[in-house]
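What follows is one structure encoded as structure tokens, with my remarks underneath.
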Amino acid sequence: MESWDEDGVRARIREMAAQDPGRERFGADTHRYELTPPLPETEIRAFEETHGIDLPTQYRSFVAEVGNGRAGPCHGLMPLTVPRPEADEEWAVDDEWEQDRRLGRLAQPFPLSEPLPGRINPLTDALPQGTLMLAEQGCGIFIRLILNGPRTGEIWQIDPDWGGFVQVSPDFRTWYTDWLDSP
């Protein structure tokens, strides 16, 4: 398992919060620079067994060592096993989170071998299969972790109206640390 420096990540997030007391940075008003506690190994394993998947190592170790959501890119990192506390606000991200947890969906083969840039019309339910939604960027744009196939572990963005379904980062660690390193 690829280890994370939990103390270093949390220290950087505290520093980011101190530099943005008004929460003006994109997404800060949603994630509030707060990380939820890590998940116990038994909960992660139960999630994987229930969904018939193995989470990519970098993401799995983050959830086990650093936190199960909140502070992160876009409007924050979605939790793996429980809905966001604010899920009753009826954000599209919460519906997407629930869709991902339908039995069999995460274990489905990821349907693309290459990026699909541009408008996706019509967006089919099959397109995000085999991926886990990590974050919402807003306006129906979601960041997803590829769970199976040759692109396992890559981070892709799905923007059906303009950007298509394309890779935004080679892996979870790069995606998350790029956010930590940004001004």
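Listed values, structure above:
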read-out	value
Amide hydrogen neighbours beyond the local backbone of Gly164, cut-off 5 Å, H modeled	Gly118, Ile120, Asp159
Debye, to nearest 20: dipole size of the chain, +1 on Lys, Arg Cβ, -1 on Asp, Glu Cβ	220
Accessible area of the stretch 90-183 divided out per residue, in Å², using a probe of 1.4 angstrom	47
Residue of Met133, Met78, Met16 that the Gaussian network model of the chain assigns the largest fluctuation, springs spanning Cα pairs under 10 Å	Met16
Which of Gln99, Val63, Asn148, positive extreme of dipole for the stretch 40-168 (C-beta unit charges)	Asn148
Under Karplus coefficients 6.51, -1.76 and 1.60, residue-wise ³J(HN,Hα) of the stretch 137-153 in Hz, glycine/proline x	8, x, 6, x, 9, 10, 9, 10, 9, 6, 9, 8, x, x, 9, 3, x
Added length on full extension, which subtracts the Cα-Cα distance from 0.36 nm per residue, Ala107 to Arg25	26.0 nm
Net charge, Glu154 excluded, C-beta distance under 13 Å - Lys, Arg +1, Asp, Glu -1	+1
Residue-normalised accessible area of the stretch 9-55, expressed per residue, 1.4 Å probe, Å²	58
Sparsely packed trypsin sites (Lys or Arg not before Pro) within the stretch 116-182, loop by DSSP, other Cβ within 10 Å at most 13	Arg119
Net +/- balance of residues flanking Leu112 in space, Cβ distance below 12 Å, scoring K and R +1, D and E -1	0
Distant alpha-carbon pairs in the chain (separation over 24 angstrom), percent	34
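The values are calculated or read from the model by the stated rules, or taken from the named source; none is laboratory data. Bear in mind the structure is a predicted one, so any value in this text is a computation, not a measurement. Every residue, glycine among them, receives a Cβ derived from its backbone with ideal geometry; neighbour counts consider all protein chains shown. To get the accessible areas, we keep the full protein, side chains included, count just its heavy atoms, and leave off ligands, DNA and RNA. Shrake-Rupley method; radii C 1.70, N 1.55, O 1.52, S 1.80 Å.
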